[in-house]
Amino acid sequence: MTSARPRRPVTELPGDPARLYLHYGHGHPAVPYDFEDTLESWCVTVTYGLARDEKWDDEDEDSRAPAAGTEVGHLILWRLRDYAGDNRWEAADAESGDLEVIASTVLGRSGHDGYSAAFEEAVTHPVGDLLLLDRVSLNKAWRGFGLGPVLAAEAIRRLFAGCCAVAVYPAMGEYPEDREQVTEAYRRQAKKKIAALWQSIGFRPFRRGVWLLDTALREPEELLRTRRAELHALSAAFQRSGLSESGPAGLTATEGGTQASASPGLG
């Protein structure tokens with residue numbers, strides 16, 4: 001199975017990765033406007049521990065770890081609802097170019113009449129909403145440890161109910177300071193690395209650069225268990241390194257590497 005292997009040594013971790021927490025946020029007005037009935041936004045904030053968590057009050061004073069509750073990253077996802085009455089392509093296009101690429105690739109020509117024939121052939125049960133993974137980002141100190149896939153997989157697991165598939169459009173979201181480095185070969189290599197991370201949690205290439213995760217398959221759940229095991233192992237290695245702060249090790253999820261957009265920044 002594909003693995004999201006760390007590219008940086010465990011001693012460079014700013015804290016125990018098992019202490020990362022995901023917080024889910026969604027808000028909307030009582031009377032929806034524009035396309036809010038059709039395109040539903042979700043922001044998942046990643047923090048290091050929980051603020052005012054008494055279990056962690058005795059941390060080592062010399063620890064490099066962030067203070068409990070410090071935000072270290074976030075994810076942006078969208079739920080593209082079926083049967084909402086709006087034109088789903090227009091709803092996606094009004095939000096961003098990346099979402100428009102996904103919508104135009106998976107939907108029927110009118111934007112009203114369900115999914116495209118290619119999508120229906122690619123997905124086990126092509127009926128229901130579509131979850132769009134738009135962005136995954138971690139602070140630079142946390143990138144490069146193979147944490148992005150498990151963070152994304154955990155968020156998807158909690159948000160995909162009622163969705164027939166999850167879609168992502170891998171693309172670069174952050175560039176080097178010297179923009180002359182960004183050649184076409186550089187872009188291809190960056191996209192290849194990002195796509196490998198999505199593959200490690202069950203996404204498969206579809207069309208026009210869009211990747212799909214079929215929520216009816218067992219593979220994504222099996223890959224999530226593998227990513228969780230890797231997170232446990234990374235946490236254990238961090239603790240063995242002698243850099244961990246005192247306290248119990250819980251579990252949640254995270255991300256790092258080439259900043260990208262799923263536009264995501266993974267690794």
Percent of accessible area on segment 67-154 owned by carbon and sulfur, 1.4 Å probe? 46 percent
What is the set of long-range amide H partners of residue 147 at a cut-off below 5 Å, with H atoms built 1.01 Å from backbone N? 255, 256, 267
Go through segment 154-164 residue by residue and turn each phi into a ³J(HN,Hα) via Karplus (6.51, -1.76, 1.60, θ = phi - 60°); whole Hz please, and just put x for glycine and proline. 5, 5, 4, 4, 8, 10, 8, 3, x, 9, 7
Could you report the accessible area of residue 23 in Å², rounded to 10, computed with a 1.4 Å probe on the protein chains as they sit in the structure? 70 Å²
Any residue on another chain or 5+ positions along whose placed amide H is under 5 Å from the amide H of residue 70 is listed here as 48
Just grab the label-to-label distance for residue 193 and residue 23, each label 7 Å out from Cα along the Cβ direction, in nm (one decimal). 3.0 nm
What are the residues whose amide H is under 5 Å from the amide H of residue 165, where those residues sit 5 or more places off or on another chain and H is modelled from the backbone? 131, 215
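The values are calculated or read from the model by the stated rules, or taken from the named source; none is laboratory data. For clarity, every value in this text was computed on a predicted model and none was experimentally measured. Every residue, glycine among them, receives a Cβ derived from its backbone with ideal geometry; neighbour counts consider all protein chains shown. Protein only, heavy atoms only, side chains kept; ligands, DNA and RNA dropped before computing areas. Shrake-Rupley method; radii C 1.70, N 1.55, O 1.52, S 1.80 Å.
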